[in-house]
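*Asks:* Just dropping this structure here.
The values are calculated or read from the model by the stated rules, or taken from the named source; none is laboratory data. Please read all numbers here as calculations on a predicted model, not as lab measurements. Here the Cβ positions follow ideal geometry from the backbone for every residue, glycine too, while neighbour counts run over all protein chains shown.
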Amino acid sequence: MTDSAILRPASGPWLTRGPGIRTFNIVTRAIGGRVFLNGITEFSPGAEIPAHFHNCEESVTILEGAGTLELDGEPMELEPFESTWIAAGVRHRFVNRGQGVLTILWIYGSANATRTVVATGVEVGVGDSNDVYTLLGSWPR
């Protein structure tokens, strides 16, 4: 752990989060993040994540492509550079209904962010070693 870092997605590692979904964790507790977490997630065409919620605020910015945010079950279309603010405890998910890759930048307002999948109740720490792998087995399609 250091006091500062340059983090390069081209160098990886990228983690598989489900069919057609991969994530590059940028700032996590593992590198010394103490106040927030962030990362980049890419969705292949048709890829989606299940409804979930967090124990803290989340902001997502669309970097590439177009996607759908389902916020408490209501779909909202998003284009590049549009951003969201999602309060703690609000159920949401992202879906790539486009023909190209959807790339998002996510930021959590706590270094101790958790993700809870609505359908299963499974909760894990965002960026923890079990984050991706625990959810892979529990994400409904």
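*Asks:* Would you check if S44 is of a type in the set (S, T, Y), within 17 Å of Y108 (Cβ to Cβ) and either in contact (Cβ under 8 Å) with a residue 40 or more places away in the chain or touching a helix residue (DSSP H, G or I) at 6+ places or on another chain (Cβ under 8 Å) (or both)?
*Replies:* no
*Asks:* So which pairs qualify, if the first residue must be in the range 60-79 and farther than 15 Å from V101 by Cβ and aliphatic (A, V, I, L, M), the second must be modelled with pLDDT of 95 or more and not in a strand (DSSP E or B), the Cβ gap must be under 8 Å, and the two must be at least 6 apart or on different chains?
*Replies:* L71/V90; L71/R91
*Asks:* For the range 69-87, check the following and say yes or no: at least one residue is surrounded by 15 or more Cβ atoms within 10 Å (Cβ to Cβ), closer than 24 Å to T114 by Cβ, touching a Lys or Arg at 6+ places or on another chain (Cβ under 7 Å) and modelled with pLDDT of 95 or more.
*Replies:* Yes, the range 69-87 contains at least one residue that is surrounded by 15 or more Cβ atoms within 10 Å (Cβ to Cβ), closer than 24 Å to T114 by Cβ, touching a Lys or Arg at 6+ places or on another chain (Cβ under 7 Å) and modelled with pLDDT of 95 or more.
*Asks:* So V124 fits all but one of (1) of a type outside the set (S, T, N, Q); (2) assigned to a strand (DSSP E or B); (3) at pLDDT 95 or above; what number is the exception?
*Replies:* Looking at each condition in turn, V124 falls short on (3).
*Asks:* Residues being under 20 Å from L15 (Cβ atoms) and either in contact with a Phe, Trp or Tyr (Cβ under 9 Å, 6 or more places away or on another chain) or not in a strand (DSSP E or B) (or both): count how many of those fall in the range 62-77.
*Replies:* 3
*Asks:* If R34 meets every condition in (1) closer than 25 Å to P13 by Cβ; (2) modelled with pLDDT of 95 or more; (3) outside any strand (DSSP E or B) apart from one, which number is that one?
*Replies:* (2)
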